[in-house]
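The values are calculated or read from the model by the stated rules, or taken from the named source; none is laboratory data. Because the structure is a prediction, the values reported are computed rather than measured. A quick note on method: Cβ atoms are made from the backbone with ideal geometry, for glycine too, and the neighbour counts reach across all protein chains shown. Surface accessibility is based on the protein's heavy atoms, side chains included, excluding ligands, DNA and RNA. Shrake-Rupley method; radii C 1.70, N 1.55, O 1.52, S 1.80 Å.
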Amino acid sequence: MHRGEAIEDVVIVGAGLAGLATALGLHRKGVRSLVLESSPALRTAGFAFTAWRNAFRALDALGVGDKIREQHLQAQALRVMSSSTGEVAQELDLTAVQKNRSGPNEIRCVRRDALLQTLEEELPRGTIRYSSRIVSIEDGGGVRILRLADGSTLRAKVLIGCDGINSVVAKWLGLAEPSYSGRMAARGLAHFPDGHGLEPKFLQFIGRGFRSGMRPCNQTDVYWFFTWTPSENDKGVIESGSKLKQFVLANLTALKVPPMALAVIERSETSEVFAVPLRFRPPLSLLTGSISKGSVCVAGDALHPMTPDLGQGGCAALEDSVVLARCLGKAVLGDGARSGTESQRIEEGLREYAGIRRWRSVELVATAYVVGFIQQSNNAIGGFLRDKFLSGFLARRLLKMAEYDCGTLWSC
């Protein structure tokens, strides 16, 4: 080993939801890891995400579920409204136990910063190394050599890519580049220091070429989103938070959207409004591509970037983390029936993880794309069928996706 090089057992790239949750899962199993984060501090862009029942199963497995529940409201209902007619197309009671379900639904709009801080606090000091950007990955005789932007080098026995949609690790594995869906998403967070006074319901507005919604996180914060298919006339709207906010308001004002939804967007500070292109990894590439190779694998958005139409991106990242920590922890510690050297056990453990997560990832990415296409359709006939017949099916599909159980850190 050359001077200036350090060797680590497990290196995780990215301190987002998947990265920190995987590190915590491994820590609970007694396996140390090092998390490399390119930014100088935790990145909280995205503001909030929908945490369904499957996400809380994962958070409970990691031992932080109750801490997150204490900070966020349980949604009582999911209301889907037509932006064309202003009518309620579907409303589901989220407190009732559904037929053939194992228990009541659980759904909360979770502030991303609150969850990241909770995960960080549970990790040993020094687990996260900030301002550490990987510029290249090389093979090095049974380990991976990581070249960092600051000139330093690390050797990793196990490398886990949780570095998002532009993942360096996913590129090294040869996974297909994410595809542009042809849609954009604006997101924002509104603060009401004296309380927003909204019911604990998740509202969603569909049709007329866009999809929008608002979700209270707690008593003072409300998260909102707006997805649309951009045209030549939309150039420049994402240049600033101010322009983007006015663009969203102009589009919603022209339709039959409740005044309270407009008031929430009005309340948002322009510094907390941003837009991103919606991309996804083609499902076929997930079927045929390498999720793991030797002692390297990916999780979270580095594995399955998807459109936000199911609200499952963050949930799936947490599922990945529990499954990965279980499979890898068992391999590193030599638990279970696996034999062979440590490196052989690790490769087998990562293959097991990839096998478990491959079909789940395909299902989520494909379903999200189809649901978004139907909900955002501007076709008159398609809109009529959606509002009258498909809204209930689509809403129930959201609940179906949330029934998934990733298991615990100790068993499936």
query: Among the numbered criteria (1) in a loop (DSSP other than H, G, I, E, B); (2) touching a residue at least 24 places away in the same chain (Cβ under 8 Å), which single criterion is violated by G126?
result: (2)
task: Could you tell me which residue of region 151-165 is most open to solvent (accessible area, probe 1.4 Å), considering only residues that are among the charged types (D, E, K, R) and touching a helix residue (DSSP H, G or I) at 6+ places or on another chain (Cβ under 8 Å)?
output: K157
- request: Kindly check whether there is at least one residue in region 5-19 that is modelled with pLDDT under 95, of a type in the set (V, I, T) and out of contact with any helix residue (DSSP H, G or I) (no Cβ under 9 Å at 6 or more places or on another chain).
  value: yes
- request: Could you list all residues from region 230-261 that are open to solvent by 30 Å² or more (accessible area, probe 1.4 Å), aliphatic (A, V, I, L, M) and free of Cβ contacts under 8 Å to residues at least 60 places away in the same chain?
  value: I238, A250, A254
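Which members of region 136-150 meet the condition of being part of a strand (DSSP E or B) and open to solvent by less than 60 Å² (accessible area, probe 1.4 Å)?
The first filter runs over region 136-150 and keeps only residues part of a strand (DSSP E or B), leaving 136-139, 144-148.
The answer is S136, I137, R144, I145, L146, L148.
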message: Every residue in region 348-366 that is open to solvent by 60 Å² or more (accessible area, probe 1.4 Å) and either in contact (Cβ under 8 Å) with a residue 60 or more places away in the chain or touching a strand residue (DSSP E or B) at 6+ places or on another chain (Cβ under 8 Å) (or both), please.
response: R351
- prompt: Does region 367-386 hold any residues that are surrounded by fewer than 21 Cβ atoms within 10 Å (Cβ to Cβ), part of a helix (DSSP H, G or I) and modelled with pLDDT under 65, and which are they?
  reply: A380, I381, G382, F384, L385
Residue that is of a type in the set (D, E, K, R), open to solvent by less than 10 Å² (accessible area, probe 1.4 Å) and over 25 Å from V298 (Cα atoms), where the choices are R211, R183: R211
- line: Restricting attention to region 203-252, the residues that are on the phi < 0 side of the Ramachandran plot, of a type outside the set (S, T, Y) and modelled with pLDDT under 90 number exactly 11
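Report those strands (runs of 3 or more DSSP E) wholly inside region 60-117 carrying at least 3 residues which are modelled with pLDDT under 90.
77-82, 88-93
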message: When you scan region 166-174, do you find a residue that is at pLDDT 95 or above, surrounded by fewer than 18 Cβ atoms within 10 Å (Cβ to Cβ) and under 17 Å from the mean Cα position of the chain (by Cα), even just one?
response: yes
message: So in region 54-94, with the set limited to residues that are open to solvent by 30 Å² or more (accessible area, probe 1.4 Å) and in contact with a Ser or Thr (Cβ under 7 Å, 6 or more places away or on another chain), which one is farthest from P259 (Cα to Cα)?
response: K67
query: Residues in region 289-329 that are open to solvent by less than 10 Å² (accessible area, probe 1.4 Å), outside any helix (DSSP H, G or I) and of a type in the set (S, T, Y): how many?
result: 1
message: What are the pairs with Cβ atoms under 9 angstrom where one residue, in region 26-38, is in a loop (DSSP other than H, G, I, E, B) and the other, located anywhere, is basic (K, R)? Sequence gap at least six, or different chains.
response: E37/R43; E37/R129; E37/R133; S38/R133
